[in-house]
Amino acid sequence: MSTLVRRPVAAGHRTGAPGRRRLAVTLAAALVLLLTVLASFALGSRPLGVDQVWHALVSPDGGEASTIVRELRMPRTALGLAVGLALAVAGVLFQALTRNPLAEPRILGISAGASCGVVLAISVFGVGTLAGYVWFGIGGALLAGLLVFTVASRAREGASPVTLALVGAAIDATLASVVYALLSIDTRTFEEYRFWVVGGLTGRDLSVAAQVLPFVLAGLLLAALVARGLDALALGDDVARGLGHRIGLVRLGGGGAAVLLTGAAVAAAGPIAFVGLAVPHLARALVGADHRWTLAVSALLGPALLLGADVAGRLVAPPGEIPAGIVTALIGAPLLAVLVRRARLVTA
């Protein structure tokens with residue numbers, strides 16, 4: 001009898017261990033994000049102490065520290081949180097929907113759609129502010145995503161992972177050619193566009209973050225709703241149907257979420273590289289393939305990586321700075337290489 005009592009307890013401990021580990025990793029990721037947010041407020045060409053940051057946030061006095069924190073660093077920190085989260089979660093969704101570990105927000109032409117919207121805003125409609133670009137960028141991303149899914153769904157096998165990737169690549173190339181054509185004939189458009197296309201958080205005010213926030217929240221909600229369905233899709237369409245999932249709705253919901261998140265992020269901060277590619281791999285290495293945990297950890301590590309890159313760009317060559325989009329490429333490339341090498345060693 002005592003043996004019969006002890007075995008279920010031991011099994012329960014074994015079952016709960018992965019959950020406790022995942023919770024610990026999630027809490028650690030939240031702590032990393034908190035530290036990068038603090039660094040984003042405190043570090044730059046004019047370093048500030050934690051007490052100065054706290055005082056500027058809680059009871060601003062109009063002094064130098066308050067001006068730096070509230071007018072310069074708060075907007076880029078808020079935007080970094082939204083954009084990093086959106087890109088990382090979108091990367092998880094794209095990789096799940098296409099079953100392609102190299103998929104990221106550019107694979108379905110979404111980034112190219114946002115770029116095309118921004119270029120049209122500048123060259124055709126004469127928009128000259130970042131706050132004005134956002135709506136055109138989001139609109140371009142949504143139209144590109146809708147076009148990709150519409151064309152892919154008309155294929156014989158429907159919107160399968162391979163079909164989505166192929167159609168997305170074709171749409172991406174087409175829209176990119178439109179962008180380059182417009183830039184080649186309009187010098188003013190090129191001058192304004194090159195500031196946006198580098199990708200970064202500088203020069204944006206809180207209104208930009210406020211504009212994209214509803215799209216980010218809507219994308220997160222859709223991603224949470226389809227998380228279980230993404231786990232089933234990883235097993236194959238037939239298995240997913242056998243488990244009772246409507247794969248068409250899962251793909252539509254996941255694709256819609258990815259488009260909303262990517263469109264909002266790219267429109268606000270430009271096409272920032274590697275966050276949507278590297279962070280999902282890091283999250284899976286830490287918590288496994290369960291998409292609920294992968295999405296949660298990615299939502300924490302994405303903004304941490306982007307804000308960390310933004311802070312690093314400020315500190316490299318003060319008083320100047322390197323845009324965050326360049327730093328994420330420099331950080332993300334070796335990080336991805338390490339993760340891929342680790343995965344090969346595990347599977348060897």
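For the reader, a short list of remarks on this structure follows.
- Label separation (ALA285 vs ALA24): 1.9 nm, computed from points 7 Å beyond Cα along the C-beta direction.
- Magnitude of the charge dipole, the chain, Cβ model with Lys/Arg +1 and Asp/Glu -1, debye to 20: 1480
- Looking at region 198-272, none of the trypsin sites (Lys or Arg not before Pro) sits in a DSSP loop with at most 10 other Cβ atoms within 10 Å of its own Cβ.
- The amide H of VAL127, built 1.01 Å from its N in the peptide plane, has ILE122 as neighbours under 5 Å, considering only residues 5 or more places off or on other chains.
- Segment ALA337..ARG46, full-extension length gain: 101.3 nm, with 0.36 nm per residue of separation and the alpha-carbon distance subtracted.
- Magnitude of the charge dipole for region 128-246, about its Cα centre and with charges confined to Cβ atoms of Lys, Arg (+1) and Asp, Glu (-1), is about 220 debye.
- Estimated 222 nm signal from helices in the chain, with DSSP H stretches of n ≥ 4 weighted -39500 (n - 2.57), rounded to 500: -27000 deg cm²/dmol
- Membrane-span-like helices in the chain, defined here as complete DSSP H runs extending at least 27 Å along the helix axis by their C-alpha atoms with mean Kyte-Doolittle hydropathy no lower than 0.5, are 2-42, 74-98, 130-153, 161-185, 206-233, 247-269, 291-316, 324-347; this is a sequence and geometry rule, not a statement about a membrane.
- Sites ALA17 and ARG292, calculated FRET efficiency, Cβ-Cβ separation with R0 22 Å, nearest 0.05: 0.80
Here, each number is a calculation from the coordinates, and none is a lab measurement. Just so we're clear, the structure is a prediction, and the values are computed from it rather than from any experiment. Glycine also receives a Cβ, built like all others from the backbone with ideal geometry; neighbour counts cover every protein chain displayed.
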